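Novice: Handing you a structure now.
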2 protein chains.
Amino acid sequence: MPRLPDPQLAARRRREILEAALVCFRRRGFHQATMQEICAEARVSPGALYRYFKSKSDIIAAIAAEEHAQIEPLFQSLAAGASLLDTLEILAVDWLKKFADDDAPLIADVFAECVRDRELAAEITRNGMALQDRLVEAVRTAQAGGELAADLDPVSIVRLLFATLDGLGFRVAVLRDITPEAAAAELMTMLRRFLSPTAGVISHPQNDIQRIKRAPRRAASKTSQETSP
Amino acid sequence: MPRLPDPQLAARRRREILEAALVCFRRRGFHQATMQEICAEARVSPGALYRYFKSKSDIIAAIAAEEHAQIEPLFQSLAAGASLLDTLEILAVDWLKKFADDDAPLIADVFAECVRDRELAAEITRNGMALQDRLVEAVRTAQAGGELAADLDPVSIVRLLFATLDGLGFRVAVLRDITPEAAAAELMTMLRRFLSPTAGVISHPQNDIQRIKRAPRRAASKTSQETSP
DNA sequence: ACCTGAACACCGTTCAAGT
DNA sequence: ACCTGAACACCGTTCAAGT
């Protein structure tokens, strides 16, 4: 009876190739790095590589999937009673620092690739949504505890937070007109004002004609998917 | 005496090629679209195309350069006394709508290409900064008029605004969990609270240990470049 | 001056052939 | 079962040759 293929070896080979690909992508970006380079770095032939990854963007998907792991400690310290805003500051600095490092090309390429590659986008979305849902829960807790304004949609808050983080990441990586630390500080200044329980809303005499539109305050939804009309 | 090369013809050819490239990029994205396709669409040979654009990404740069034009009316209505926040809402909806259309791949590719292509990044930065500087001026005016909180750095405000717009654009284009209109509404809710002259800052008993960091309130700088340390 | 299109130096991916 | 590496079908770009 023939033995099943060794899963140990397969897993190790996958890891070796992934590690080699990371080196190459960091060095030259996703599109500039060639499969030949990755093969050389991983010391395998092209044929062998295609045993473990069915395409170049399959490698990117695998890398992106692994990225979502080391934020776990943050949720644990949240559970231990840490302030949400202080925890978010740590998250922000961590995230923005990645853009300043040589990871910038990597992240930008993943973004761009997502627009067309539906499978990759689905993978990213799945991971991102999981993280997002946990943060939404944390925001809800903070609202109940009086730390944040209670009249804002938690899903909306988290979406704005993530959007600003992505946008600031782009600035840090491309325009380079601000450091990760300064960007995170600016973000926190904004969040503290935005989310303050006692915040007022602009209503200046000059604006009287045009009524201020408020975002529809619907019942809090379980996942952000439900936010779309 | 030989006549100079006809600038009329050159300009027309450039425009034809640019238009053809736009069709191809919108259809398949920057990297998937081939030069052969663009040549076929523009009805010129590869050799002819390379007379007018020195590379594929040179075409992207030219497209990006043209994009920054139709926002002029917004600044005129601002000069005519329109409220800054109302004007920003129009700007936001316009910008976010582009991501929902077939322009999404185009914009995402420009972003990604910027990370490595330094010339392209410089081109984008130049245009972006010009727009940014004009908005910074508008924010300053609004602050002086009491429409916005006066204790915030105008450069910081505009940077956060642009960052959030870019990040929301990504959500609209890739995750597709929100419409351009809804995203713009969320953004405006945030901006009205964040920029309110009477806004409070979160200072909850639980946060007493960690002092709240404020962005350094330096003398207003002429260009945002000076914001980096 | 302006254009053509075959040719060049690559690229991601496959597959017959080895061990 | 696992791997090799030449071969395949392409790509962006160039350049001798035409008009």
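Novice: Any idea what the relative contact order of the range B:61-199 is, in percent, if you count C-alpha pairs under 8 Å spaced at least 6 apart?
Specialist: Result for the range B:61-199 is 33 percent.
Novice: Put a dot 7 Å past each Cα toward the Cβ at residue A:141 and residue A:27; how far apart are the dots in nm?
Specialist: About 4.4 nm, to one decimal.
Novice: Something else now. Show me the chymotrypsin sites (Phe, Trp or Tyr not before Pro) within the range A:4-69 that DSSP assigns to loop and that have at most 12 other Cβ atoms within 10 Å of their Cβ.
Specialist: Taking the range A:4-69 and a limit of 12 other Cβ atoms within 10 Å, no loop chymotrypsin sites (Phe, Trp or Tyr not before Pro) are found.
Novice: Here is a further query. Would you list B:190, A:35 from the most to the least accessible area, probe 1.4 Å?
Specialist: I get A:35, B:190, largest accessible area first.
Novice: Rank these by accessible area, largest first, 1.4 Å probe: A:43, A:159, A:140.
Specialist: Output order, biggest surface exposure first: A:43, A:140, A:159.
Novice: Once phi is turned into θ = phi - 60°, what whole-Hz ³J(HN,Hα) does the Karplus curve with 6.51, -1.76 and 1.60 give for every residue of the range A:24-35, x standing for Gly and Pro?
Specialist: So the J values, rounded to whole Hz, are 5, 5, 4, 6, 10, x, 5, 7, 7, 5, 9, 4.
Novice: Another one. From zero up to wherever the largest Cα-Cα distance of the range B:136-204 sits, split into 5 Å bins and tell me the percent of pairs in each.
Specialist: Values per bin, smallest distances first: 3, 16, 22, 21, 17, 12, 8, 1.
Novice: Kindly give the distances from residue B:94 to its copy-mates, label point to label point, with each label point 7 Å from Cα along Cα→Cβ, as nm values to one decimal ordered shortest first.
Specialist: 3.9
Novice: For residue A:181, place a label point 7 Å from Cα along the Cα-to-Cβ direction in every copy; what are the distances to the other copies, in nm, shortest first?
Specialist: 4.5
Novice: Find the relative contact order for the range A:7-54 and round it to a whole percent, using C-alpha pairs within less than 8 Å whose residues are 6+ positions apart.
Specialist: Across the range A:7-54, relative contact order equals 39 percent.
Novice: Next up: Per 5 Å bin, what is the whole-percent P(r) computed from every C-alpha pair distance within the range A:61-199?
Specialist: 2, 9, 18, 21, 21, 15, 9, 4, 0
Novice: Taking every pair of Cα atoms in the range A:33-95, average 1/r, invert it to obtain the Kirkwood radius, and report Rg/Rh to two decimals.
Specialist: 1.26
Novice: Taking the range B:7-54 on its own, what percent of its Cα-Cα pair distances exceed 13 Å?
Specialist: The proportion of pairs with Cα distances above 13 Å equals 50 percent.
Novice: May I ask you to report, in nm to one decimal and beginning with the shortest, the distances from residue A:55 to the same position in the other copies, taking label points 7 Å along Cα-to-Cβ?
Specialist: Spelled out, the distances from residue A:55's label point are 2.6 nm.
Novice: With r as the distance between the Cβ atoms of residue A:15 and residue A:45 and R0 = 25 Å, compute the FRET efficiency 1/(1 + (r/R0)^6) and round to 0.05.
Specialist: 0.90
The values are calculated or read from the model by the stated rules, or taken from the named source; none is laboratory data. All values derive from a computational prediction rather than experimental measurement. Neighbour counts are summed over all protein chains in view; Cβ atoms, including those assigned to glycine, are modelled from backbone coordinates with ideal geometry. The accessibility values were calculated without ligands, DNA or RNA, using every heavy atom of the protein model including side chains. Shrake-Rupley method; radii C 1.70, N 1.55, O 1.52, S 1.80 Å.
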